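Report on one structure; see the data block that follows.
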Amino acid sequence: MVQPRGSSEEGSTLPFVLVCWLVAALMAFGAIAASDAFLEQRRVQSVCDGAALAAANQADEGQVYREGVGSSLPVTRASAQAAVADQLADGGTGLEAWSVQTDGVEVTVTCTRTVEIAFGWLFLAGQGLERTAVASARAPTA
């Protein structure tokens, strides 16, 4: 009995299956990394929102006594910075940078933190991912 010769396509499905598994694994790792980055952004935004609210609630008492209270509380940059620093010190948030801007009524706080995400070694070459959030607040006197 003569053995039939193997066809030229024999064993060619194994590399195809391995490539499909590799693509599926990369997609799964990418989804996990993206969701981790999203959650880290939410954490930074939450910290920034709290800091902006704390700054907006820190009224300039001197101006309130001189001019009274209108439709909102007057805020100075110094009082807003002190309130944000106090808020961030109490929370143990670990921000790398933050800044405060105010127009006298509304406070805008910008917060930045570099975070490590899941599978960052694969997608970011081991670098941290910088997350920045901006929050604004105004303290009404209604």
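What follows is calculated from the coordinates using simple rules that are stated; it is not laboratory data. What you are looking at is a predicted structure, and each value in this text was computed from that prediction instead of being measured. Glycine gets a Cβ as well: all are built from the backbone with ideal geometry, and neighbour counts include every protein chain shown.
What FRET efficiency, computed as 1/(1 + (r/R0)^6) with R0 = 41 Å and r the Cβ-Cβ distance, is obtained for residue 99 and residue 26, rounded to the nearest 0.05?
0.65
With +1 on each Lys and Arg Cβ and -1 on each Asp and Glu Cβ, how big is the dipole of the chain about its Cα centre, in debye rounded to the nearest 20?
Computed about the Cα centre, the dipole is about 220 debye.
Divide by every residue of the chain the summed helix terms, -39500 (n - 2.57) for each DSSP H run of at least 4, and state the resulting mean residue ellipticity at 222 nm, rounded to the nearest 500 deg cm²/dmol.
-16500 deg cm²/dmol
Starting from the amide H of residue 115, placed 1.01 Å from N in the peptide plane, find each other amide H under 5 Å away whose residue is 5 or more places distant or on another chain.
Hits under the 5 Å cutoff: 129, 130, 131.
Name every cysteine in the chain that ends up alone, with no second cysteine's Cβ under 4.7 Å, or say none.
20
Please state, to two decimals, what the Cα-based radius of gyration of region 14-138 comes to when divided by 2.2 N^0.38 Å (N = residues).
1.53
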